[in-house]
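What follows draws every value from the coordinates through simple rules; no lab data is involved. Everything numeric here is computed off the predicted structure, so don't read it as measured data. Every residue, glycine among them, receives a Cβ derived from its backbone with ideal geometry; neighbour counts consider all protein chains shown.
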Amino acid sequence: MPAEPPVASPATLADAYALIQREPHTPIAGGTDLMVRITGELGSIPERIVDLARLDDLRGISLERSAVAIGALSSYTDIRRSAICREHLPALVEAAATVGAAQIQNRGTLGGNIANASPAGDTLPVLIAMDAAIVVGSVRGERTIPADDFWTGYRTTALAPDELILRIRVPLVPGRETRFRKVGTRRAQAISKVVAAVSWRDHGRSSGWTQVRVAYGSMAPTPIRVRQVEAILEGAHPTPETADKAAAMLAATLQPIDDVRSTADYRRMVAARVLHRILRDAGGW
Amino acid sequence: MTTVRFLVNGAPVEVDVPGMRRLLDVLREDLGLTGAKEGCGEGECGACTVILDGEVVDSCLVPICQVEGRIVRTVEGLARRTGDGPVLDELQQAFLEAGGAQCGICTPGMLMAARQYLDAGGGPDDVAIRTAIAGNLCRCTGYTKIVEAIAQAASVHP
Ligand SMILES: Cc1cc2nc3c(=O)[nH]c(=O)nc-3n(C[C@H](O)[C@H](O)[C@H](O)COP(=O)(O)OP(=O)(O)OC[C@H]3O[C@@H](n4cnc5c(N)ncnc54)[C@H](O)[C@@H]3O)c2cc1C
Ligand code: FES
Ligand code: FES
């Protein structure tokens, strides 16, 4: 049987904060990453665990004035079923639908995907592309970290050891479009070889796109924004020429690695192709 | 040690175990319910699938501390008990008739994923059935007979 480290299940956020400030505890939300770690087959076994399941402050999906707030404990199934997410954040719903299979979607949480900080985490490029902010809390109070600044290196984050992710705020931007694409080995239960999210604001025929975001996962030690490609698309229209230029810049910029799931060359080619397709669909050619 | 109370196949149970013990181990080792199988122990294969509060989960990924007060259904609860002994439910019957089980390791998990699919109103649609069992691996059957069995059960009980 796997290791069974001690676990505390605080009933209030204040208790949870106090506990993890006294002594470091590894949080467990849906457990779809952490329960694999206690088998000892994937990294070190956590010494002490804090179970977040009773913290109702971390649940729920709500519409604020100009943002959607998603509790860290929201599961992929919660996100797929949420009328608010389906209406306002369809790209996130799409990403949630590609994670694992039903058993994983019913348990895995958005907060867990963020904290786990895998470069292949499927929701992470979507959060970056939508300018999401991660709201975290500790005994010191709450603070907000832009998604783009959250992942600081391979599997490291801006989260302090005594902080918890509380919720994710996704601003609602009028006229913003977001597209999500994932390429894996098979439809279910596959870790991404390439995952992409692109968003932009379209102001009609005369002016070009603004607030363009191009975010990729599985291409670097962290999910990344590709600003060189954003610069090409900013103010432009999704024409064949623009798409060729943007895809070429993407291929020249990205420096993915060879690993068991894929080769660097494959990743670079597919990433460029994915972007080209998104732009072609947007341009309607 | 933590005392955890929950319902298994309709019966209340109470266990005194470390809170991080996997639901799979509690079922198999502490409660003697060896229907759920350990294939991989890491969420990939679905052999340990049970239904927790009406949702399929991999019991190898659920710590028992999160099961307090909840409702668990396992393969042992599928057959109906009658005066003449247990009667298989329509899914188990369909798996037998269609040849949906060979070595049987994946079968308890397949049955629970399929049970939840039917309980949620799923019909005999091939794509929908394959999506519902996408988290359950089978090394023997090639899936076709499993999908046929689920479709058969779905048609019997629309
Ligand atoms: C079979 C399988 C398939 C998978 N497929 C995919 C996939 O397709 N795409 C994908 O992106 N991922 C996939 N995953 C990974 C995993 O399911 C996701 O990363 C999931 O979102 C993790 O959430 P969780 O709630 O289960 O996290 P947990 O396992 O509970 O926690 C993960 C990490 O985050 C920390 N943590 C969790 N919540 C918080 C919080 N609120 N505050 C601070 N820290 C926190 C934990 O301490 C831990 O380090 C898969 C996993 C498995 C087992
Ligand atoms: S044993 Fe749980 S998914 Fe394989
Ligand atoms: S019957 Fe052997 S694994 Fe499915």
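Descriptive notes on the structure:
- Dipole of the range A:46-185 computed with +1 at Lys/Arg Cβ and -1 at Asp/Glu Cβ about the Cα centre; of A:ALA101, A:ILE79, A:ALA67, farthest Cα towards the positive end is A:ALA101.
- For the range A:23-77, the equivalent ellipsoid derived from the alpha-carbon gyration tensor has semi-axes of 28, 12, 9 Å in decreasing order.
- Other protein chain C-beta atoms within 10 Å of residue C-beta, averaged over A:29-41: 5.
- Counts of other chain beta carbons within 10 angstrom of each beta carbon in peptide A:94-105 average 6.
- Calculated over the range A:1-135: convex hull of Cα atoms, volume per residue (Å³): 118
- log10 of Debye I(q)/I(0), alpha-carbon scatterers only, for the protein assembly as shown at 0.07, 0.08, 0.12 Å⁻¹: -0.38, -0.49, -1.05
- Net charge contributed by nearby residues that have their C-beta within less than 11 Å of A:PRO171 (K/R +1, D/E -1): +1
- Cut-off under 5 Å, modelled amide H: who pairs with B:THR49 long-range: B:LYS37, B:SER59, B:GLY109
- Each Cα pair under 8 Å and six or more residues apart adds its sequence gap; the mean of these over the residue count of chain A is a relative contact order of 14 percent.
- Averaged over B:52-63, number of beta-carbon atoms from partner chains that fall within 10 Å: 6
- Cα-derived Rg over Rh, computed across chain B with Rh taken as Kirkwood radius: 0.97
- Cα centroid separation, the range A:78-133 to the range B:92-108 (Å): 34
- Highest mean packing first, where packing is the average number of other Cβ atoms within 10 Å per residue, the peptides B:137-145, A:131-139 line up as A:131-139, B:137-145.
- Positive end of the dipole of the range B:2-77 (Cβ unit charges, origin at the Cα centre): among B:VAL50, B:LEU7, B:LEU61, the Cα lying farthest that way belongs to B:LEU7.
- Across A:LEU254, A:LEU92, A:LEU124, mean-square fluctuation computed from a Gaussian network of chain A (C-alpha pairs under 10 Å connected) peaks at A:LEU254.
- Net charge contributed by nearby residues that have their C-beta within less than 14 Å of A:GLU4 (K/R +1, D/E -1): -2
- Within the same chain, lysines fewer than 8 places from B:LYS145 are excluded, and of the rest, those with a Cα less than 22 Å from its Cα are B:LYS37.
- Partner lysines for A:LYS193 [C-alpha distance under 17 Å; skip if fewer than 8 residues away on the same chain]: A:LYS182
- In order along the range A:155-164, the phi-based Karplus estimate (6.51 cos²θ - 1.76 cosθ + 1.60, θ = phi - 60°) of 3J(HN,Hα) comes to 6, 10, 9, 7, 6, 6, x, 9, 9, 10 Hz; Gly and Pro are listed as x.
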